[in-house]
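Since every read-out is calculated from the coordinates, none of them should be taken as a lab result. As the structure is a computational prediction, the values presented were derived from the model and not from experiment. Heads up, the Cβs are rebuilt from the backbone with ideal geometry, glycines too, and the neighbour counts pull from every protein chain shown.
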Amino acid sequence: MSEITELRNSLDVQPRWTYIAYLLIGLALIVFIGYFIIYNIYAFSLFRFPFDFDQGEGFELMDTVLFSQGQWPYQDNNNYPFYSSNYPPVFHLVIVPLIWLFGPQYWTGRVVAYIGTLITAVAIGYAVQRESRRIWLSILVGLAFLASNYVYHVGPLFRQHMFMVMFETLAVVLVTVVVQREEETGKRNNLGLLVVMVLLLLAGYTKQLAYATVIAVFGFLFLRQTKRAVLWAIPFTAATALIFFIIDSATNGQWLTNTITANINPYIPAQGIGLFRQWFELHTILTIAAVALTFYQLYFERLSAYAIWFVIAAANGITAGKWGAGESYFATAIAASCILTGLVAGRLVTWSKSKGPRWYVAVMSIIALLFLVQANKVFHWPTHMPALRAIASAVGKPVETYVAPQTSCSAPRAAVAIPYVDSAGVGLLGRPPNDEDIEAGKRIAQFVSSGETAAFSEEAGFNFYAGRDVITNPTQLLNLYNNGQVDLTEMIGMLDNQQFDSVIFRAQFYPPPVLEVIGRRYETIELVEMNGFVYCLLSPREDIAPS
């Protein structure tokens with residue numbers, strides 16, 4: 001019997017006002033579908049934007065280009081072009097065929113990352129559907145994942161994090177299915193478990209942070225099938241280590257230096273605490289529901305893979321306090337909480353049916369209302385279109401936010417109105433880039449083209465657009481410098497001799513000695529604002545001859 005039929009039958013013995021349950025569920029679906037439309041508006045605006053929207057996207061593109069040319073991106077930062085990657089290869093390798101077909105385009109990685117978030121949402125919905133058998137609930141939890149401010153901000157970017165979350169989610173859902181069916185049939189499914197191991201390997205070699213999900217999956221297997229968990233852990237560890245040492249050997253040790261050493265960053269307690277607080281405030285309903293079901297399973301049932309995953313992923317959120325980390329570090333915990341929320345909601349609906357129509361309608365109504373509360377908490381809304389502006393105004397939300405352009409290399413600027421509102425606070429991710437941003441990027445690329453060399457730039461996009469070499473990966477250099485693992489002699493010598501016709505700053509993430517020599521040998525000649533940042537365009541100082 002369908003959910004709609006069940007509800008109608010219950011309404012036959014209830015006053016007409018009980019139709020409110022059905023209406024509230026419909027309203028919740030409409031709201032989350034609305035967020036999905038917004039997500040697509042944002043994503044497709046990024047697909048057409050040919051420069052970095054988030055700092056570092058261009059370096060992900062550069063990694064992919066190097067792989068497409070049969071080269072490793074794990075290179076010696078001591079020598080020109082002073083470039084290396086600090087991320088594992090899977091995400092970039094997936095994009096390589098698109099680079100072969102279309103060249104070095106930002107949309108290639110953004111589309112792949114975007115598709116990864118859709119697959120994650122479908123996997124979340126499937127996990128709930130196979131237990132609850134309520135399609136409306138499965139749709140809601142899948143869309144709730146995409147509606148998270150954090151997923152919205154980074155999902156369609158050329159970044160590998162959400163692709164890692166996709167593999168993590170698929171692995172946890174599949175291990176749940178495999179173990180449950182084994183317990184039901186009494187037959188081992190080693191092929192299914194092998195696929196789980198492959199998914200975990202892919203997650204880990206997409207981004208190192210997947211270790212939390214690896215711990216969760218093996219922890220679940222250890223609780224259910226201790227001996228088997230140990231037997232599978234041995235070849236999994238061996239395969240992980242073998243891949244690691246093969247890559248490290250092929251890159252003459254640069255893999256270890258750039259993916260491990262370069263990721264040892266200072267910890268900022270205030271950042272970690274602030275992000276934990278924000279994560280809970282934005283995802284209160286999802287988090288409380290996940291915690292409630294986890295405690296229920298702990299005391300009255302067996303811990304599920306989803307509960308273990310949620311606890312470990314949430315605890316791992318503490319790593320968001322590292323310099324260079326951020327909100328995306330909670331995406332795995334959000335995925336787990338969406339599944340647990342769907343499971344607890346499904347159980348409550350099933351329980352309420354046994355208590356009679358009044359309970360059934362009441363529980364359905366409360367669940368719908370809680371999803372609406374969650375939707376309000378994650379409110380994020382671009383208002384650059386009249387219709388979107390009208391909707392924001394109609395629901396009592398602001399229609400613009402005042403944000404001062406961020407600058408590290410010029411005088412502070414006054415706050416300006418931007419057509420975007422976000423409950424996560426003032427930020428620059430989430431606002432769809434516009435034509436003015438594209439023209440600003442082209443202006444900076446033209447500045448690069450006016451010289452004869454590649455720009456010494458904090459972002460790769462301008463050199464890509466101008467057809468020049470990509471020089472440096474600033475945050476990578478800074479991390480290595482702070483860990484005493486880079487020799488800046490050649491780089492500083494080239495800058496001291498003014499061998500670069502242009503320098504481009506956005507945040508001045510370079511090591512202090514690099515900033516010092518640039519300050520002596522180059523001067524700012526133009527400021528260009530793009531995506532809410534002030535870019536400083538520098539040329540060699542004419543009053544000081546090269547050394």
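Worth pointing out:
- For the pair the stretch 243-270 / the stretch 170-239, the C-alpha centres are spaced 25 Å from each other.
- Proximal aspartates and glutamates relative to Lys377, as straight alpha-carbon distance under 19 Å, when same-chain residues fewer than 8 apart are discounted: Glu281, Glu327, Glu400, Asp422
- Counting only DSSP H runs of at least 4 residues, each contributing -39500 (n - 2.57), and dividing by the residue count of the chain, the helix-based mean residue ellipticity at 222 nm comes to -20000 deg cm²/dmol.
- Sequence-distant residues sharing a close amide H with Val416 (under 5 Å, placed H): Val403, Ala404
- Spin-label model distance (nm) - Arg228 vs Trp323, 7 Å beyond Cα toward Cβ: 4.7 nm
- From phi via Karplus (6.51, -1.76, 1.60), per-residue ³J(HN,Hα) for the stretch 235-243 in Hz, x at Gly/Pro: x, 5, 4, 5, 5, 4, 5, 4, 4
- For the chain, the residue among Gly34, Leu256, Tyr126 whose Cα projects farthest onto the positive side of the dipole built from Cβ charges is Tyr126.
- Applying the criteria of a DSSP loop state and at most 10 other Cβ atoms within 10 Å to the GluC sites (Glu not before Pro) of the stretch 501-547 yields Glu542.
- Sparse-neighbour loop sites [trypsin sites (Lys or Arg not before Pro); the stretch 273-348; at most 11 other C-beta within 10 Å; DSSP]: Arg302
- Computed magnitude of the charge dipole of the chain (debye, nearest 20; Cβ of K, R +1, Cβ of D, E -1): 2700 debye
- Cβ-based exposure ranking for Leu293, Leu23, in which fewest neighbours within 10 Å come first: Leu23, Leu293
- Label zone at Gln55, where the point sits 7 Å out along the Cα-to-Cβ direction: the stretch 135-165 residues whose backbone N lies under 13 Å: none
- For the stretch 382-422, the ratio of Cα radius of gyration to the globular rule of thumb 2.2 N^0.38 Å stands at 1.43.
- Measuring spread by the Cα atoms of the stretch 209-313 yields a radius of gyration and Dmax of 18.3, 53 Å.
- A Förster radius of 56 Å, combined with the Cβ-Cβ distance separating Ala239 from Val426, puts the computed FRET efficiency at roughly 0.80.
- Cα gyration tensor, the stretch 423-547 - rounded (a/c under 1.5), prolate or oblate: oblate
- The fraction of all Cα pairs in the chain landing in successive 20 Å bins from 0 to the largest distance is 20, 51, 25, 4, 0, given as whole percents.
- Computed from backbone phi, the HN-Hα couplings of the stretch 313-325 come to 5, 5, 5, 5, x, 4, 5, 5, x, 5, 4, x, 8 Hz, rounded to whole numbers (Karplus: 6.51 cos²θ - 1.76 cosθ + 1.60, θ = phi - 60°; Gly and Pro given as x).
- Only one residue of Ala292, Thr472, Cys536 has its Cα farthest out toward the positive end of the dipole of the chain, where Lys and Arg carry +1 and Asp and Glu -1 on Cβ, and that residue is Ala292.
- In order along the stretch 483-498, the phi-based Karplus estimate (6.51 cos²θ - 1.76 cosθ + 1.60, θ = phi - 60°) of 3J(HN,Hα) comes to 9, x, 10, 9, 9, 8, 4, 5, 4, 5, x, 5, 5, 5, 8, 6 Hz; Gly and Pro are listed as x.
- Ignoring lysines fewer than eight residues from Lys227 along the same chain, the ones with Cα atoms less than 25 angstrom from its Cα are Lys187.
- Rg and Dmax [Cα atoms of the stretch 228-382; Å; Rg one decimal, Dmax integer]: 20.8, 69
- Under 25 Å from the Cα of Lys207 - lysines, other chains or at least 8 residues apart: Lys322
- Projected label points at Leu191 and Gln71, each 7 Å from Cα along the beta carbon direction, are separated by 4.2 nanometres.
- Compactness of the stretch 27-118, taken as the C-alpha radius of gyration over 2.2 N^0.38 Å, stands at 1.30.
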